Amino acid sequence: MPRFGPIEMPENRAGTVRFACWLLLLASCSGGGTNAPGGGDPPPGGGAGGGGPILNLSPEFVLIDHPDQIPGSDFGISTCILDFDGDGHADLAVGAEGEEQGSGAVYVFWGPHLRQDQFLRIPAPNSQPAGLFGHELCRGGNLDGVSGDELLVGAPEERAAEMNAAGAAYVISMTAAPVRIVSGTPESDAYFGTSLAVGDFEGSAVPQIAVGARGATSASGMRGGRVEFFHFGPLGLLVAGRILTNPEPTADAGNGNFGRLLAVERDGQGDPRHLIVPALANPSGGHSDAGLVYVYTLPLTGLPAFVLPSPVLHWEEGAGTRLGMSLDTASGLLLAGAPRHDLAAGGAQPLDNAGCALLYEGPAFDATSPRVLRRSDHPAEIEFPLDLNGYQVALADVLGADGVSDLVIFGLNIHSEHGMSILVYDGQAPGSPPVFIEPLPDSSGHFAEGVCHGQLAPGGPEELVVGDARYGPGEDRRGRVVIFTF
């Protein structure tokens, strides 16, 4: 059973938190057989008879459904692990941006047991229809000096200064009223609150809140996106700080989506070292919307220290790779998804939107050329058009609890019978074939929206939390969350 301890289900909630365990399938690279539980321990190395690697894995999982099964809630659009009530146990926050006509809400399920009947529902403080409160979640850490983590929540389509979709973000605490953050220069369709991050970005020993506004103006007439910074000053008053704008907005890109995502890379001691900001539609390599990933060394100076492009595999005319559509970091590692990358193999015609992920390594992510991770890395898999591999990525210690981040790549393939996929590469040997995990058979076509990872229960590897916001009969978007335990 999963490691969350006993679950006590009230009668009227029976079935809403569900446990299951798939068979563990072990196969050698040569396809030489399968081992299942009950058949004896596999030989050293995990293979079937030949000592080969595990190639297919069905981990235990926990399902958390929307507590009230409301269609259109988008429950799972975002997820976040934090200690919200300060009791020393990890809690799970889940965004439901579609509730209340899109006003949105956030649910916090209390650790360590994550009981379905014990949660806190946080409605949108501003109660605006279509504000999308809960679109983004971020652990704020202890910003107010009181026990417990603050929760940062994005509402990127809230009205601000009478402007539609100007956007807002909130600091939510167990001990104080919500604090609303809006842009210093609000504008319509800026989507301020699309992304959130927290860290000492200025080297001042004061944590700052970074808020991305993917549609904001970067230069005259160009909506390339920007990132704005805030911190709490004396008497708890919010103070606006630095602004980063898209370094290379162009008329061709139109909206570079700079600030759609934010990631903070930390060193081995946990101190923030780089702020990573992708711009999905910025030009690169002669292609108008290939995407670039900008890396800012901390403390911030205003300009990116370097820019990470994608290696040129193949780009169809008019189709961008969307490099940086998903991101995750660990010390000395940056994993970036490029789900719209067209991939060629063996001189064959490039496959439209097969997608991949790119692993950049080293203190400046330039130790070697980026490693290209693709579905055909698994010896029993090949690419298909519209695999959209790299739609989401994670660097999570899920395979061995060895303190090394494993590489997790999600692929959708929503337009064929090829099937959705989760590939997990052992962080100790990322060049080895990945483990293949098949998502739950009743998953929606976009089964991986809100993805996070961490230890929800003490001991063992990290849990992988996957929000399936479009889940439901006919994909009615009531949503659910799947927690994989390895």
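The values are calculated or read from the model by the stated rules, or taken from the named source; none is laboratory data. The structure displayed is predicted, hence computed values, not measured ones. In this analysis, Cβ positions are derived from the backbone assuming ideal geometry, glycine residues included, and neighbour counts consider all displayed protein chains.
Restricting the search to the range 241-296, which residues are under 14 Å from residue 222 (Cβ atoms), outside any loop (DSSP other than H, G, I, E, B) and among the polar types (S, T, N, Q)?
245
Does residue 387 fit the bill of being assigned to a loop (DSSP other than H, G, I, E, B), outside the structural domain of residue 68 (by TED's automatic domain parsing), touching a helix residue (DSSP H, G or I) at 6+ places or on another chain (Cβ under 8 Å) and more than 18 Å from residue 80 (Cα to Cα)?
On the way: assigned to a loop (DSSP other than H, G, I, E, B): yes; outside the structural domain of residue 68 (by TED's automatic domain parsing): yes; touching a helix residue (DSSP H, G or I) at 6+ places or on another chain (Cβ under 8 Å): yes; more than 18 Å from residue 80 (Cα to Cα): yes.
Judged against the criteria, residue 387 is a match.
Could you check how many residues of the range 132-152 are over 21 Å from the mean Cα position of the chain (by Cα) and either under 19 Å from residue 200 (Cβ atoms) or of a type outside the set (Val, Ile, Thr) (or both)?
Total satisfying the criteria: 6.
Does the range 375-400 hold any residues that are farther than 15 Å from residue 322 by Cβ and free of Cβ contacts under 8 Å to residues at least 40 places away in the same chain, and which are they? Let's see the steps before the verdict.
Start the filter on the range 375-400 by keeping residues that are farther than 15 Å from residue 322 by Cβ, which leaves 375-385, 394-400.
Listed by number, the residues that qualify are 376, 382, 384, 385.
Considering every residue within the range 421-444, establish whether at least one is assigned to a loop (DSSP other than H, G, I, E, B), out of contact with any Asp or Glu (no Cβ under 9 Å at 6 or more places or on another chain) and under 19 Å from residue 326 (Cα atoms).
No: the range 421-444 contains no residue that is assigned to a loop (DSSP other than H, G, I, E, B), out of contact with any Asp or Glu (no Cβ under 9 Å at 6 or more places or on another chain) and under 19 Å from residue 326 (Cα atoms).
Conditions tested, residue by residue: (1) outside the structural domain of residue 132 (by TED's automatic domain parsing); (2) in contact with a Gly (Cβ under 8 Å, 6 or more places away or on another chain).
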site	(1), (2)
168	no, yes
175	no, yes
199	yes, no
202	yes, yes
213	yes, yes
224	yes, yes
227	yes, yes
230	yes, yes
247	yes, no
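Quick one: in the range 344-359, which of the residues that are in contact with a Lys or Arg (Cβ under 6 Å, 6 or more places away or on another chain) and within 22 Å of residue 419 (Cα to Cα) is modelled with the highest pLDDT? Steps first, answer last, please.
Pass one, the range 344-359, residues in contact with a Lys or Arg (Cβ under 6 Å, 6 or more places away or on another chain): 353, 356, 359.
Within this subset, residues satisfying the condition of being within 22 Å of residue 419 (Cα to Cα) are 353, 356.
On the way: 353: 85, 356: 91.
Ranking the qualifying residues of the range 344-359, first place goes to 356.
Quick check on this structure: which one of 372, 408 is surrounded by fewer than 24 Cβ atoms within 10 Å (Cβ to Cβ) and either modelled with pLDDT of 90 or more or among the hydroxyl-bearing types (Ser, Thr, Tyr) (or both)? Lay out the reasoning, then the answer.
Numbers: 408 fails: surrounded by fewer than 24 Cβ atoms within 10 Å (Cβ to Cβ).
The match here is 372.
Can you confirm whether residue 486 is under 18 Å from residue 395 (Cβ atoms), of a type in the set (Phe, Trp, Tyr) and either surrounded by fewer than 23 Cβ atoms within 10 Å (Cβ to Cβ) or more than 16 Å from the chain's Cα centre (by Cα) (or both)?
Spelling it out, residue 486 is indeed under 18 Å from residue 395 (Cβ atoms), of a type in the set (Phe, Trp, Tyr) and either surrounded by fewer than 23 Cβ atoms within 10 Å (Cβ to Cβ) or more than 16 Å from the chain's Cα centre (by Cα) (or both).
Anything in the range 343-369 that is in a loop (DSSP other than H, G, I, E, B) and surrounded by 21 or more Cβ atoms within 10 Å (Cβ to Cβ)? List them, or say none.
In the first step, residues of the range 343-369 are kept if they are in a loop (DSSP other than H, G, I, E, B); the result is 344-350, 352-354, 362-369.
Once the filter is applied, which keeps residues that are in a loop (DSSP other than H, G, I, E, B) and surrounded by 21 or more Cβ atoms within 10 Å (Cβ to Cβ), the range 343-369 yields 353, 354, 365.
For residue 117, indicate whether it is touching a Lys or Arg at 6+ places or on another chain (Cβ under 6 Å) and at positive phi. First the steps, then the outcome.
Values: touching a Lys or Arg at 6+ places or on another chain (Cβ under 6 Å): yes; at positive phi: no.
No: the conditions fail for residue 117.
With 280, 327 as the choices, which residue is at pLDDT below 90 and not charged (D, E, K, R)? Break it down into steps so the answer makes sense when it comes.
Details: 327 fails: at pLDDT below 90.
The unique qualifying residue is 280.
Say we look at the range 98-133 and pick out the residues that are charged (D, E, K, R) and at pLDDT 95 or above; which of these is surrounded by the most Cβ atoms within 10 Å (Cβ to Cβ)?
Quick first cut of the range 98-133, residues charged (D, E, K, R) only: 99-100, 115, 117, 121.
The next check asks that each one be at pLDDT 95 or above; those that pass are 99-100, 121.
Details: 99: 25, 100: 19, 121: 12.
Step by step, filter the range 98-133, then rank; the result is 99.
Looking at residue 101, is it under 26 Å from residue 485 (Cβ atoms), free of Cβ contacts under 8 Å to residues at least 40 places away in the same chain and among the polar types (S, T, N, Q)? Spell out the reasoning first.
Values: under 26 Å from residue 485 (Cβ atoms): no; free of Cβ contacts under 8 Å to residues at least 40 places away in the same chain: yes; among the polar types (S, T, N, Q): yes.
For residue 101, the condition - under 26 Å from residue 485 (Cβ atoms), free of Cβ contacts under 8 Å to residues at least 40 places away in the same chain and among the polar types (S, T, N, Q) - is not met.
Since residue 169 meets every condition but one in (1) touching a Phe, Trp or Tyr at 6+ places or on another chain (Cβ under 9 Å); (2) at pLDDT 95 or above; (3) over 17 Å from residue 230 (Cα atoms); (4) surrounded by 16 or more Cβ atoms within 10 Å (Cβ to Cβ), which condition does it not meet?
Single failed check for residue 169: (3).
Looking at 70, 81, can you tell me which residue is assigned to a loop (DSSP other than H, G, I, E, B), modelled with pLDDT of 90 or more and among the aliphatic types (A, V, I, L, M)? First the steps, then the outcome.
Numbers: 81 fails: assigned to a loop (DSSP other than H, G, I, E, B).
Of the residues listed, the single one that is assigned to a loop (DSSP other than H, G, I, E, B), modelled with pLDDT of 90 or more and among the aliphatic types (A, V, I, L, M) is 70.
How many residues are over 20 Å from residue 274 (Cα atoms) and hydroxyl-bearing (Ser, Thr, Tyr) if we restrict to the range 190-225? Reasoning before the result, please.
Narrowing the range 190-225 to residues over 20 Å from residue 274 (Cα atoms): 190-193, 215-224.
Narrowing the set further to residues that are hydroxyl-bearing (Ser, Thr, Tyr) leaves 191, 217-218, 220.
The total comes to 4.
Looking at (1) surrounded by fewer than 21 Cβ atoms within 10 Å (Cβ to Cβ); (2) at pLDDT 95 or above, find the lone condition where residue 146 falls short.
Status for residue 146: all satisfied but (2).
Please find, among 198, 206, 179, 171, the residue that is within 27 Å of residue 87 (Cα to Cα), in contact with a strand residue (DSSP E or B) (Cβ under 6 Å, 6 or more places away or on another chain), among the β-branched types (Val, Ile, Thr) and in contact (Cβ under 8 Å) with a residue 60 or more places away in the chain. Give the derivation first.
Values: 206 fails: in contact (Cβ under 8 Å) with a residue 60 or more places away in the chain; 179 fails: in contact (Cβ under 8 Å) with a residue 60 or more places away in the chain; 171 fails: in contact (Cβ under 8 Å) with a residue 60 or more places away in the chain.
Only one candidate qualifies: 198.
Out of (1) surrounded by 24 or more Cβ atoms within 10 Å (Cβ to Cβ); (2) over 23 Å from the mean Cα position of the chain (by Cα); (3) β-branched (Val, Ile, Thr), the odd one out for residue 227 is which?
(2)
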